[in-house]
1. Got a number for residues in the stretch 127-144 being within 12 Å of the chain's Cα centre (by Cα) and either surrounded by 15 or more Cβ atoms within 10 Å (Cβ to Cβ) or not in a loop (DSSP other than H, G, I, E, B) (or both)?
2. For residue 3, work out the one condition from (1) at pLDDT 90 or above; (2) not in a loop (DSSP other than H, G, I, E, B) it doesn't fulfil.
3. Modelled with pLDDT under 95, in contact with a helix residue (DSSP H, G or I) (Cβ under 8 Å, 6 or more places away or on another chain) and in a loop (DSSP other than H, G, I, E, B) - does that describe any residue in the stretch 53-67?
4. Is it the case that some residue within the stretch 90-103 is touching a strand residue (DSSP E or B) at 6+ places or on another chain (Cβ under 7 Å), more than 20 Å from residue 14 (Cβ to Cβ), at pLDDT 90 or above and surrounded by 15 or more Cβ atoms within 10 Å (Cβ to Cβ)?
5. What are the residue pairs meeting all of these: first residue in the stretch 118-147, first residue more than 15 Å from residue 62 (Cα to Cα), second residue in a helix (DSSP H, G or I) and modelled with pLDDT under 85, Cβ atoms under 9 Å, and 6 or more apart or on different chains?
6. Taking the stretch 79-98 as the region of interest, how many residues are in contact (Cβ under 8 Å) with a residue 60 or more places away in the chain and part of a loop (DSSP other than H, G, I, E, B)?
């Protein structure tokens with residue numbers, strides 16, 4: 001199993017492609033700690049050439065039906081990250097069942113998702129200032145929860 005070497009992971013770009021907050025109430029009428037539901041999704045792609053990885057991370061906020069008291073709002077943020085991993089080949093696991101012919105060890109996947117999630121937390125914190133979600137902070141999660149194909153745990157082989 002390869003080791004994560006931070007100097008070999010480069011963030012090439014971070015682009016906020018969608019930032020949308022809508023609401024039917026003012027900031028003063030809403031207590032976000034009582035009424036907030038957060039959901040996440042991540043799409044990951046690796047190129048065979050160039051050692052590139054792109055992760056499209058989306059966060060949605062909506063009312064928690066049990067406590068929202070009729071308040072309607074929605075928010076969605078989509079952030080696209082591009083990385084170059086100098087030693088990407090060390091994390092590739094051959095697999096004929098996927099389109100590009102390889103999977104990625106989960107240690108690299110979890111590391112990249114940790115970077116994506118924590119960076120997104122800061123972006124969303126600043127972008128929600130002055131909205132109904134005033135300075136919302138994404139909760140702490142295990143970044144491995146965001147993993148999906150083409151990333152696997154090498155110990156499962």
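The values are calculated or read from the model by the stated rules, or taken from the named source; none is laboratory data. Note that this is a predicted model, so its numbers are computed, not measured. Glycine also receives a Cβ, built like all others from the backbone with ideal geometry; neighbour counts cover every protein chain displayed.
1. 3
2. Just one mismatch for residue 3, condition (2).
3. Yes: one or more hits.
4. Yes, because at least one residue in the stretch 90-103 is touching a strand residue (DSSP E or B) at 6+ places or on another chain (Cβ under 7 Å), more than 20 Å from residue 14 (Cβ to Cβ), at pLDDT 90 or above and surrounded by 15 or more Cβ atoms within 10 Å (Cβ to Cβ).
5. Once the first residue is more than 15 Å from residue 62 (Cα to Cα) and sits in the stretch 118-147, its partners that are in a helix (DSSP H, G or I) and modelled with pLDDT under 85 give 130/27.
6. Qualifying residue count, the stretch 79-98: 2.
Okay, residues lined up against (1) part of a helix (DSSP H, G or I); (2) over 16 Å from residue 54 (Cα atoms); (3) more than 18 Å from the chain's Cα centre (by Cα):
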residue	(1), (2), (3)
76	no, yes, no
100	no, no, yes
104	no, no, no
109	yes, no, no
114	yes, no, no
122	yes, yes, no
125	yes, yes, no
